[in-house]
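Enquirer: After the structure tokens below, expect a handful of questions from me.
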């Protein structure tokens, strides 16, 4: 079977990280490849988790420490899978590493950023706010290494960054590289992307700056986000003291995502707490079809619902428009109360659904998909899908699924 | 081990600009017995690390103190064999150079104290001496339903010996009693056949699996790697770890009198309905006739403060499935589903859609307020407020099915009958479910080596329950593998230390046995703790709890932290340089302090941070040590506690707070203001609050004036 | 409140009447929120809740039958376009109306319409033998075996004096473009689109069958229509009765002729004009570009867009039989469109549907904006510039 006692984990988000550390701590050798310049995936962009309202950085920190302490785990960032050949127990995978333009000498001191004046839209903040073109992806980034944006490579500024580094860490000549791994099993955990809610055109995303998506709102509430954690209206920086959450912004909709994204109700309930905690005189409105707080998450729903300044209204919002008096006007039918919704708010948050990473790009693997792009069958014992590529999942379910995936991969890779 | 300490000081990343590295060298050389001292402009460079590696190779040093950046970074570079080398990272970058004014005397003094504390820490550290006993790697799976069967099969397929115990005479659990299950594959509209028999066959025929049916567990003694399990029949067995997949039971319908259960024979539960469907024909119990109108009442006893406050997650989908049965029996049949919210997450929305298209009538209402009485044309009459219509409706039906929820099998039966001082059951999280409290770590129970899976952990459907069995099996495997190497499991995975007790001085106060979150200690008849090191998660809460200070770890002890505190240079009161010792949680507060440095936030230079494994390891002697040393204030930064606690060891920070409340009285009695000790809850992302916390504490200490013990 | 007793036998009958998707609806209310009645005030706006109407249908309950409720729906399709369950809401409305129509419970104002259709083959009480009066001063060819297109003129443009201008303009433009076309004549009957939406399925099938017999007998293969309503019915509803034709709206033929260089325009600059997308041309048939291409080809055309355009266009309120029902001034959709046109800076509001012309022109006059804004069928503007 050759050198195949290794597991390749594709995707360094919460599912991939979990599969990696769980498999490694059970005795496997693991390589993680991640497309972004850091591990942690989408959860690193979240402010809090529901239902505990705890920061994702806390659990990530533990997982990063497990990686640091475990010589059986290696990882590559800015890495994408180029090709896969072979079969269960014996895969050969080519991985392309995009240049970071910063090598392992980087100490994270930040001198390169000091001399850099070019700014790029901050990818970590979904482009709300800018970041220097020589940047640390985010304060808790792991690996703790800067990135030079390709836009300044070959410019005087790029050179200035290189000159500012006392450790020879800025390497502007870095080229894409290809690595080849021989592995016994592959865990496919490429996660999800938020649905492009500009397609739900009546909700005004992209038309009004004060309509944002739920993932953007996480950044608006995060201490390391574009507003330093203050929930402010993007249009004018005013404190957003009345916030509307529009559920199913694309989900449960045959014109968009026919399935339910599973997490959005709880995410909006959680986000309502951000608003309420920040401004005592604030109001949050949640417009839903059904409130889906499964299992013990019901407790969280009950708790948030008890706040009299959080109002849940059964309504599918039909229109978001500029209110003549300022703010945004939401309109729809208020079903249970037998009336109309006509609510003016400072900020509208669209609860956007989850699109599986496998919807857009399908790897060269025998995996089978449903109509939505979710993986329904791995096609081979050595291929193990994990997390949101299989179905929309919240973090706890992703971790559970990834732990199970770790065992499936282990069975194959260890030839047990 | 004869310690030969090498001290390596980095002047890079602004450290050299901020602090006179020579003065740090002098502290190390003059105040401590060290074998080697080097400074370097970039210690993490090949050249810098080369210095250390050369000294290690030459045998000149075997303990490495690296005064540079935070120990959270460059771990791949400063990476020496933990079995032979003691490595201490002294953080003079994030915790000093990046948060204090350049070149100030106070900045230098701060760095000097970190050098002192770091070297002292090494002096009090021993190389690990892993706990190694003969470890059994077999796995016990408790419960032969969906999750238990899958757990057994997957563990066995990975090469582990498995014993599967099932209290019933048959394997398969509830699944074997069902007619079919909700759709799990595209297009998510056809009911799935029950395939549990195939799994049962694989399990029964697996050479690595021993199946014990009609068997219960009378006792589980011992610890991970050496659990001794006694059964209701047959020989006892030794196993390494346990998957608890004991399943669920339906909510007692006798409690649903408000929904007329027990009043009318044709009001039945979804479990009864399913068994009837499986048996062949759906009929009305009262007269055996086939119903032509069936009404389902969702959340019968669920999402109801008077019954089960939680949602049982699967009942909506079960009723949809059962609606299909009704239509299959006769397509002219009518189905009403009274619901609060239809909960068909993920792809099962497609199934909801299919059942809608079949012509099922859905009525949104508060189902706890539905009234069920005798009908005029049909057997039963249901009255409910139709929130979609805005008016009440009255529906006649032949059969009413109450969609009752799930309760964990462990609710009133400990099942495992653990021989643990803290009780026979795996501690519940809420509502009797022994679930994890952690979003990121769903398999964490408070009994090491025992992993709950399936509906005993939380309400879930069959396919997820079986996945959950696989996940729990991995954790069980991981536990025996790590335990066999003397290593801790999550969250301090890989930690080779374990608590060592100097029992001659034990006073049988039982604090350790009571406070350990993981039930590590049993007790003998006199109350002397009987440690079971493989149950230990190395949080050191017992160490903090012990008034006699007899519990310590090779690399962490009461004496170590006490000595570090005592190593701090405390200027006398006329210098007006107060000193604050900050004991901080290494998991969350420590990284937060790093982040404060990264953001170049500055705070009073009087504070000295000492990371601790958990605030729960706080031993009150440290307060006394600090105050007698002349330290003006003690700050404790730990995780949030309460219902949504974030402590990785359950109650560490809360226990610390409890201990503080006790010490407050003593302090006040000694004329030492209890305000000199302050505990703050700090999340990992709360770095922005750190300067405020320190500055406010400094102000309060200024009001109190210097510690009167200063200079004694 | 006295509880209502659902009658699922009634729901079953509604479904059999064509409301095939009745139970697909999950009652999210997006239809009600999207409905143009939310943009106006008045009785129908208060009473007509399309979600609730379907709810009553699902339960087989009464109480939605009035002119301002079930019969308020203009079948504009705005709700259908966004419905997350893909429900054919118009089909559901039609099915419920049909239940009433079969027992003669349609609103009184629609009864003479049905009568006229029965007797004269048109809804406007025009004598059948006057159907081709509009060609009196400008003759058009008669369809024969070697004619390519049969030009079917909407009953409205056959009998309504204002609307006859549309018929003549279309014919003139087609002639200028050298299109081979002809009309059949007085044997033509109403396409039946609106009466089917009103719920009179029987009458619709009678009209359709009579037309199909006529068309097939004449050897019709391709049809040009003046109204998008006829377009919809010929295209989507006639095939089930055996009428399979290639059907085009005149804007499609003319915009293609412009592209092919077969027609050119001259004369005064048309100035600022904006398009009101008719529901049946736009949302129902997906034709947004042909009229715009045609507009852009006119001399000196300054094409403006209404704030709600293309698939977001707001109905004129003439569909679904509403053209024959009264809506009080101040509560009309068309008034919104007139104001939008003025806001957009248009001098001419063009459209391409006889119902739209009727509704828009009326509102323009009621609002007293006739001096600021002209309402014209696109064919008229085209004909003016030949």
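Enquirer: Can you tell me which residues in region A:132-147 are within 14 Å of chain B (Cβ to nearest Cβ) and in contact with a strand residue (DSSP E or B) (Cβ under 7 Å, 6 or more places away or on another chain)?
Expert: Listed by number, the residues that qualify are A:135, A:137, A:145, A:146.
Enquirer: Do we find that residue B:11 is crowded, with 19+ Cβ neighbours inside 10 Å, free of Cβ contacts under 8 Å to residues at least 40 places away in the same chain and in the same structural domain as residue B:108 (by TED's automatic domain parsing) in this structure?
Expert: Spelling it out, residue B:11 is indeed crowded, with 19+ Cβ neighbours inside 10 Å, free of Cβ contacts under 8 Å to residues at least 40 places away in the same chain and in the same structural domain as residue B:108 (by TED's automatic domain parsing).
Enquirer: Here's a follow-up. Given the criteria in contact with a strand residue (DSSP E or B) (Cβ under 8 Å, 6 or more places away or on another chain), closer than 26 Å to residue B:613 by Cβ and within 14 Å of chain A (Cβ to nearest Cβ), does residue B:652 qualify?
Expert: Here the answer is yes, as residue B:652 does meet what is asked.
Enquirer: Here is a further query. Out of the residues in region A:319-338 that are more than 10 Å from every other protein chain (Cβ to nearest Cβ) and either touching a helix residue (DSSP H, G or I) at 6+ places or on another chain (Cβ under 6 Å) or modelled with pLDDT under 95 (or both), state the one that is surrounded by the most Cβ atoms within 10 Å (Cβ to Cβ).
Expert: A:320
Enquirer: Please enumerate the residues belonging to region B:9-45 that are assigned to a helix (DSSP H, G or I) and away from chain A (no Cβ under 14 Å).
Expert: Within region B:9-45, B:21, B:22, B:23, B:24, B:25, B:26, B:27, B:28, B:29, B:30, B:31 qualify.
Enquirer: Here's a follow-up. Would you point out which residue out of B:490, B:437 is surrounded by fewer than 22 Cβ atoms within 10 Å (Cβ to Cβ), within 14 Å of the chain's Cα centre (by Cα), farther than 30 Å from residue B:196 by Cβ and facing chain A (nearest Cβ under 9 Å)?
Expert: Sole residue among the options that is surrounded by fewer than 22 Cβ atoms within 10 Å (Cβ to Cβ), within 14 Å of the chain's Cα centre (by Cα), farther than 30 Å from residue B:196 by Cβ and facing chain A (nearest Cβ under 9 Å): B:437.
Enquirer: With in contact with a strand residue (DSSP E or B) (Cβ under 6 Å, 6 or more places away or on another chain) and in a strand (DSSP E or B) as the only criterion, which of B:48, B:71, B:6 stands out?
Expert: Going through B:48, B:71, B:6 in turn, the sole match is B:6.
Enquirer: Out of the residues in region B:372-398 that are without any contact (Cβ under 8 Å) to a residue 40 or more places away in the chain and in contact with a helix residue (DSSP H, G or I) (Cβ under 9 Å, 6 or more places away or on another chain), state the one that is farthest from residue A:252 (Cα to Cα).
Expert: Filtering first and then ranking leaves B:393.
Enquirer: Let me ask you something else. Does any residue of region B:451-463 turn out to be in a helix (DSSP H, G or I) and modelled with pLDDT under 95?
Expert: yes
Enquirer: Please enumerate the residues belonging to region B:398-430 that are more than 24 Å from residue A:63 (Cα to Cα), under 17 Å from the mean Cα position of the chain (by Cα) and facing chain A (nearest Cβ under 10 Å).
Expert: B:430
Enquirer: Just checking: which of the strands (runs of 3 or more DSSP E) contained wholly in region A:57-133 hold 2 or more residues that are buried (at least 19 other Cβ atoms within 10 Å of the Cβ) and in contact (Cβ under 8 Å) with a residue 40 or more places away in the chain?
Expert: Output list reads A:73-76, A:79-87, A:90-97.
Enquirer: Looking only at region A:14-43, count every residue that is within 11 Å of chain B (Cβ to nearest Cβ) and farther than 20 Å from residue A:93 by Cα and tell me the total.
Expert: Within region A:14-43, residues that are within 11 Å of chain B (Cβ to nearest Cβ) and farther than 20 Å from residue A:93 by Cα number 8.
Enquirer: Any idea which of B:323, B:277 is in contact with a strand residue (DSSP E or B) (Cβ under 9 Å, 6 or more places away or on another chain) and away from chain A (no Cβ under 14 Å)?
Expert: Unique residue meeting the criteria: B:323.
Enquirer: I would also like to ask the following. Exactly one condition in (1) more than 27 Å from residue C:46 (Cβ to Cβ); (2) in contact with a strand residue (DSSP E or B) (Cβ under 6 Å, 6 or more places away or on another chain) is not met by residue C:364; state its number.
Expert: It fails just one condition, (1).
Enquirer: Out of (1) more than 14 Å from residue A:406 (Cβ to Cβ); (2) at the interface with chain A (Cβ under 10 Å from one of its Cβ atoms); (3) touching a residue at least 60 places away in the same chain (Cβ under 8 Å), what's the single condition that is false for residue B:467?
Expert: If we test residue B:467 against (1) more than 14 Å from residue A:406 (Cβ to Cβ); (2) at the interface with chain A (Cβ under 10 Å from one of its Cβ atoms); (3) touching a residue at least 60 places away in the same chain (Cβ under 8 Å), just (1) comes out false.
Enquirer: Between C:292, C:308, C:328, which is in contact (Cβ under 8 Å) with a residue 12 or more places away in the chain and farther than 26 Å from residue C:43 by Cα?
Expert: Matching residue, one of C:292, C:308, C:328: C:292.
Enquirer: Would you check if there is a residue in region B:477-484 being part of a loop (DSSP other than H, G, I, E, B) and either modelled with pLDDT under 95 or assigned by TED's automatic domain parsing to the domain that holds residue B:240 (or both)?
Expert: So far as region B:477-484 goes, no, none of its residues is part of a loop (DSSP other than H, G, I, E, B) and either modelled with pLDDT under 95 or assigned by TED's automatic domain parsing to the domain that holds residue B:240 (or both).
Enquirer: Going by the structure shown, is residue A:381 more than 8 Å from every other protein chain (Cβ to nearest Cβ), under 30 Å from residue B:476 (Cα atoms), touching a helix residue (DSSP H, G or I) at 6+ places or on another chain (Cβ under 6 Å) and surrounded by fewer than 20 Cβ atoms within 10 Å (Cβ to Cβ)?
Expert: yes
Enquirer: Only residues that are surrounded by 18 or more Cβ atoms within 10 Å (Cβ to Cβ) and either farther than 24 Å from residue C:153 by Cα or assigned by TED's automatic domain parsing to the domain that holds residue C:169 (or both): list them for region C:370-379, please.
Expert: C:373
Enquirer: Quick one: count up the residues across region C:331-373 that are farther than 22 Å from residue C:310 by Cβ and free of Cβ contacts under 8 Å to residues at least 40 places away in the same chain.
Expert: 9
Enquirer: Oh, and also: Give the residue that is nearest to the other protein chains (Cβ to nearest Cβ), with candidates limited to residues of region B:343-354 that are under 18 Å from residue A:298 (Cα atoms) and in contact with a helix residue (DSSP H, G or I) (Cβ under 8 Å, 6 or more places away or on another chain).
Expert: Checking each candidate, the answer is B:343.
Enquirer: Do we find that residue B:402 is at pLDDT 95 or above, in contact with a strand residue (DSSP E or B) (Cβ under 9 Å, 6 or more places away or on another chain), within 30 Å of residue A:338 (Cα to Cα) and not in a strand (DSSP E or B) in this structure?
Expert: Considered against the rule, which asks whether it is at pLDDT 95 or above, in contact with a strand residue (DSSP E or B) (Cβ under 9 Å, 6 or more places away or on another chain), within 30 Å of residue A:338 (Cα to Cα) and not in a strand (DSSP E or B), residue B:402 comes out as no.
Enquirer: Okay, next question. Let me confirm something: among A:294, A:216, which residue is in a helix (DSSP H, G or I) and not assigned by TED's automatic domain parsing to the domain that holds residue A:372?
Expert: None of the other options fit; the residue is A:216.
Enquirer: If we only count helices (runs of 4 or more DSSP H) wholly inside region C:61-143, which ones have 3 or more residues that are farther than 28 Å from residue B:352 by Cβ and either more than 14 Å from chain A (Cβ to nearest Cβ) or in contact (Cβ under 8 Å) with a residue 40 or more places away in the chain (or both)?
Expert: Output list reads C:89-102, C:111-120.
Enquirer: Looking for whichever is within 14 Å of chain A (Cβ to nearest Cβ) and surrounded by fewer than 20 Cβ atoms within 10 Å (Cβ to Cβ) here; the options are B:364, B:357, B:340. Which one fits?
Expert: Answer to the selection: B:357.
The values are calculated or read from the model by the stated rules, or taken from the named source; none is laboratory data. Quick caveat, the model's predicted, so the values are computed rather than measured. Don't worry about glycine lacking a Cβ; one is built from the backbone with ideal geometry, like all the others, and counts go over all protein chains shown.
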